[in-house]
1. In the chain, what percentage of the DSSP-assigned beta bridges are antiparallel, given to the nearest 5?
2. Using all C-alpha to C-alpha distances in the chain, build P(r) with 5 Å bins and read off the rounded percent in each one.
3. Which number comes out as Rg/Rh for segment 38-129 once both Rg and the Kirkwood Rh are worked out on C-alpha atoms?
4. Please get the size of the charge dipole for the chain, origin at its Cα centre, with Cβ charges of +1 on Lys and Arg and -1 on Asp and Glu, quoted in debye to the nearest 20.
5. What list of ³J(HN,Hα) values in whole Hz, one per residue of segment 41-55 in order, does the Karplus curve 6.51 cos²θ - 1.76 cosθ + 1.60 (θ = phi - 60°) give from phi, with Gly and Pro shown as x?
6. Would you please give the residues with an amide H less than 5 Å from that of Ala5, counting only those at least 5 places away or on a separate chain, with H modeled from the backbone geometry?
7. Please sort through the DSSP H helices of the chain and keep those with an alpha-carbon extent of at least 27 Å along the long axis and a Kyte-Doolittle average not below 0.5.
8. In the chain, carbon and sulfur make up what percent of the accessible area (probe 1.4 Å)?
Amino acid sequence: QPRAARATGHVRAGGTGLLGACDISVAGPGATFAFTEARIGVAPAVISMPLLPRLDPRAAARYYLTGERFDGAEAARIGLVTLAAEDPDAALEPVLDGLRRGSPQGLAESKRLVTAEVLRAFDRDTDNLADLSARLFASDEAREGMTAFLERRDPEWAG
């Protein structure tokens with residue numbers, strides 16, 4: 001089954017992974033995006049599986065490392081979403097109509113073609129990235145990063 005998404009608010013961390021797992025996604029004018037993991041002492045490990053095959057590599061490096069926020073137009077430019085639109089519901093209408101018109105077999109095989117690289121990443125990397133994520137989340141640095149976030153202060157390493 002094809003999956004479509006509409007992003008209208010703040011999309012962070014795991015939410016970006018959910019968008020990466022969608023086949024088609026639209027960002028509205030109020031949508032903002034960020035990969036904030038490095039700021040709290042972890043990495044976007046598991047969510048990288050659906051994201052890295054779709055993202056521009058230079059943009060992924062920038063945003064994974066800096067945690068900067070970016071808007072829907074930038075999310076579309078780098079491949080995080082399919083498109084940015086002033087009216088995401090209107091932008092999704094022809095997409096959803098097209099999906100409704102597709103045959104089950106045609107949709108399934110077309111999806112298999114366009115998700116092949118993402119599925120290869122899952123087959124190849126799931127165990128290693130899950131282990132990395134667990135190790136990072138259990139670290140003292142992540143504990144400090146998450147505590148600092150909750151206390152609305154800079155973590156000790158942020159000078």
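1. Beta bridges within the chain, antiparallel portion: roughly 20 percent.
2. 2, 9, 16, 19, 18, 15, 11, 6, 3, 2, 0, 0
3. Reported Rg/Rh, Kirkwood definition of Rh: 1.03.
4. That gives the chain a dipole magnitude of about 280 debye.
5. These are the phi-based 3J(HN,Hα) values: x, 10, 9, x, 5, 5, 5, 5, 4, x, 7, 4, x, 9, 8 Hz.
6. Answer set, sorted by chain and number: Ile24, Ser25, Val26.
7. none
8. The computed percentage sits at 54.
The values are calculated or read from the model by the stated rules, or taken from the named source; none is laboratory data. This structure is a prediction, so every number in the text was calculated from the model and none was measured. Because the Cβ atoms are built from the backbone with ideal geometry, glycine has one as well, and the counts that use them run over all protein chains shown. Please note that ligands, DNA and RNA were not included when accessible areas were found on the heavy atoms of the full protein model with its side chains. Shrake-Rupley method; radii C 1.70, N 1.55, O 1.52, S 1.80 Å.
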